[in-house]
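Worksheet: the structure to be examined is printed underneath.
Nothing in this text is a laboratory measurement; each read-out follows from the coordinates by a stated rule. Source: prediction; values computed, not measured. When we count neighbours, we look across all protein chains shown, and the Cβ atoms used for this are built from the backbone with ideal geometry, even at glycine.
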Amino acid sequence: MVDAAELIRVRKLTKQYDERTTALDRVSFSVSGGEWVSVMGPSGSGKTTLLNILGCLDSPTSGSVKIGDTEITGLGEERLTKFRRENIGLVFQQYHLIPYLSALENVLMAQYFSGVVDENDARHVLEEVGLADRLGYRPTQLSGGEQQRVCIARALVNAPRLLLADEPTGNLDSENGRKVLDLLEKLNADGHTVVMVTHSNEVASRSDRLLRLVDAKLVSDSSSAILAQERPGPERDRPASPRPATKKDRLKKVGGT
Amino acid sequence: MFRRLVGRSMAARKARVALAVLAVLAGAAAASAMLSVSFSFEDNLAREFRNFGPNIVVAPRSDTIEVGLPGISFGSITEQGYINESDLSTIKRLPASGDSIVGYAPFLYQLVLAFAYGKNVNTVLAGTYFAHPEANLTGPDGKAWTTGLQKISSWGVRGSWVADGDADRCMVGAGLAKMMSLRPGALLKVTYKNPSTGLSSTRMLNVTGIATTGGTEDTMIFTNLAAAQELSSRPGLVHIVQVSALTSPASAEDIAREIQSALPSVEAKSRLQLSKSESDLIRQTGSLVTMIAAVAMGATALGVAATMSTGVLERRREIGIMKAVGAGRRRVASMFLAEASLVGAAGGLFGALAGLALGMVIEERVFGWPATFQPAVLPLTMALSILVAAAASALPIWRALAIGPASVLRGG
């Protein structure tokens, strides 16, 4: 399942909100298929903007973003939406579930927007994320971790090539955070390419690679193994417990940078 | 899935949806009440105008008799042109205008010498129908259609009208009654002298009522047509016919033309000034009612727009999530428009029903007309309400869709 070919190619990506505010400044990097890449950096460094552009939710001011064979920077809104629903799954820190729909219906909704509704498939995805007994529950009846897993199921149901996660454990306690990271790790092991924004070294240590953004610029692109040499910083997220040994093994398998 | 999404969304916002339905309901009720009244307004108003008396006069083509309605000259009474009484029912049978004929009254005039209480007065005796059943015409009640002065005039009568077929009784105009000190119950002797033969015939008539007509009829005597025909030996003949016709949808001129073409030997004239004023007033008032209905719908549109606008703005995040998950603009817009249309349909249905009831009350209580149920108002009001609700939602939906999902989701 793992496709080591280049999946994402970003060149001189710049995003300016106005003359004074530059969110991304000539950022360039590539991501291979099957990689798990963490994006770290202080608040306001451009992490979420980068993720939004990769997720076709926002457009850059200049530069190039190629996902697979598609240069997405020139696409109009409708084509971006189509590309997103066919290729990208989004996982949000705040889950962004529709409150009046059940877990199953939230997943079915994503299917509906892609044009094919298969309730069995939606149930199966929810079972895979461990929510077989929570199908009819509404978001308010679910714990944070369960809501995040519904969010992940919704992202997965249309079988995207790329999973983009914006601080997926940011609102979770350590136990639920660990479950979500285990799930992402499993998905990555199954071949999904994952790009994840996080503030937490421990969360990032699960990934293959680490991109660091500071003041809108990409300042480092390295193996996440480097995190093991760093002293843990202040925890801005409540992290899941890290499993660096497992990560090291997987780095060898994927052949990360 | 579409129905499930729309249904769940509406169920989750019961209070907001109820408020929007109420906004539509209020406007739809006002609009449908006005529409309901306006549908029957022209007919009812035209019928009201018929209380002002006849609006068409029919006379023989060769006749130049100077009798009839004010402002219309048919010449001198001495020129003896007649209409056959047997032709009168043709007027009610006109193919295009027959239904607009409220009634007619024939008149046979003759100069007579009236005597009572020691006073002799030269005056005109008119033979006419008071409430005459036309044996070969059927009314809406299934009985013979009845016509005559009692039906078409707006006279005030002290005492009572003369019964149909009663050859021994008469009514007198208020002016003549005053001149001769006549009251209901008085006995009047009338003498007719045939100008050709010089022979006189006399008849005793009992006065049943005193008529205040406001016109030249105040100095006349009125008795049954058959009695007048017998007195002057002109059986089956009348001088003129006064016709009362509804001037909506056809004008009085159109009806007069049709009478002339059905009865080639007669000349029919409308009371131009009155019938034009009637038509103008009916049209203007009809337009006014329609405008009020339009204003009510306009006010509804504003109310619904405000409610919908608030509702859509509150759901910007939801729209952002749907777009982020892969929904195209059209799909999201169709969901929101479906909700708006359902709100419009529900508000329109209940509003139309309430408005129909209100319209019936207005017809009965305000105008004193019989209440009429106008079923056509229901689909019309519902269609208008759906259109207004959808149109009022379109702009806020379009605005919400124009916002990128990233900026909406960033707000949490």
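Data table
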read-out	value
Per-residue [θ]222 nm for chain B (sum of -39500 (n - 2.57) over DSSP H runs n ≥ 4, rounded to 500)	-16000 deg cm²/dmol
Between 0 and 90°, nearest 10: helix B:329-361 axis offset from chain B longest Cα axis	30 degrees
Distant-in-sequence amide H partners of A:Glu6 (H built 1.01 Å from N, under 5 Å)	A:Gly33
FRET E, pair B:Arg4, A:Gln16, Förster distance 60 Å, beta-carbon r, rounded to 0.05	0.90
Shape call, the stretch B:226-378: gyration tensor on alpha carbons, a/c limit 1.5	prolate
For peptides B:54-61, B:30-37, sequence by mean Cβ density within 10 Å, most packed first	B:30-37, B:54-61
Among the listed pairs A:Lys12/A:Lys82; B:Lys92/B:Lys178; A:Lys12/B:Lys323; B:Lys189/B:Lys269; B:Lys151/B:Lys178, those beyond 32 Å (Cα-Cα)	B:Lys92/B:Lys178; B:Lys189/B:Lys269
Amide hydrogen neighbours beyond the local backbone of A:Val214, cut-off 5 Å, H modeled	A:Val219
Listed residues B:Met180, B:Met204, B:Met322, most fluctuating in chain B (Gaussian network, C-alpha, under 10 Å)	B:Met322
Chain A - percent relative contact order, Cα under 8 Å, separation 6 or more	25 percent
Phi to ³J(HN,Hα) by Karplus 6.51 cos²θ - 1.76 cosθ + 1.60 over the stretch A:5-11, Hz, x for Gly, Pro	5, 4, 9, 10, 10, 10, 10
Shape parameters for the protein assembly as shown, alpha-carbon atoms, Rg then Dmax in Å	45.4, 146
Peptide A:151-159, shielding by other chains (average Cβ, 10 Å cutoff)	1
Cβ-based exposure ranking for B:Leu353, A:Leu183, B:Leu125, in which fewest neighbours within 10 Å come first	B:Leu353, A:Leu183, B:Leu125
Packing-based exposure ordering (other Cβ within 10 Å, fewest first) of A:Ser205, B:Ser287, A:Ser30, A:Ser102	B:Ser287, A:Ser30, A:Ser102, A:Ser205
Residue with peak Gaussian network fluctuation, chain A [Cα springs, cutoff 10 Å], from A:Leu24, A:Leu54, A:Leu187	A:Leu187
Span from the the stretch B:188-245 Cα centroid across to the the stretch A:170-189 one, whole angstrom	111 Å
Test item: B:325-334 mean partner chain Cβ contacts at 10 Å	6
Estimated distance in nm for a label pair at B:Leu395 and A:Asp190, the labels positioned 7 Å out from Cα along Cα-to-Cβ	4.8 nm
Nearest 10 degrees, 0 to 90: helix B:377-402 Cα axis against chain B principal axis	30 degrees
Derived scalar couplings ³J(HN,Hα) [the stretch A:145-155; Karplus, 6.51 cos²θ - 1.76 cosθ + 1.60; whole Hz; x for Gly, Pro]	x, 5, 4, 5, 6, 5, 4, 5, 4, 4, 5
Karplus-derived 3J(HN,Hα), 6.51/-1.76/1.60, for each residue of the stretch A:179-190, Hz, glycine and proline x	4, 5, 5, 4, 5, 4, 5, 5, 4, 5, 5, 7
B:Leu111-B:Val361 FRET efficiency (beta carbon distance; Förster radius 45 Å; 0.05 resolution)	0.25
For the stretch B:299-313 and the stretch B:6-42, distance of Cα centres in Å	13 Å
Distance from the stretch A:35-105 to the stretch B:97-162 (C-alpha centre basis), Å	91 Å
Dipole magnitude of chain B about its Cα centre (Cβ charges: Lys, Arg +1; Asp, Glu -1), debye to nearest 20	2600 debye
Counting DSSP beta bridges with both ends in the protein assembly as shown, the antiparallel % (nearest 5)	70 percent
The stretch B:55-270, relative contact order in percent, only Cα pairs under 8 angstrom and at least six apart counted	31 percent
Cβ-based charge dipole, the protein assembly as shown, positive-most Cα from A:Leu104, A:Leu57, B:Ala131	A:Leu57
Signed unit charges on C-beta, dipole axis of the protein assembly as shown, positive-most listed residue B:Thr219, B:His239, B:Phe336	B:Phe336
Amide H within-cut-off set for B:Ala245, under 5 Å, with H built and near neighbours excluded	B:Asn55, B:Ile56, B:Val102
Per-residue mean of C-beta atoms belonging to partner chains within 10 Å, peptide A:113-119	3
Counted charge near A:Leu90, where neighbours are those whose Cβ lies closer than 9 Å (Asp, Glu -1; Lys, Arg +1)	+1
Within-15-Å neighbourhood charge of B:Ser201 [Cβ basis; K, R +1; D, E -1]	+2
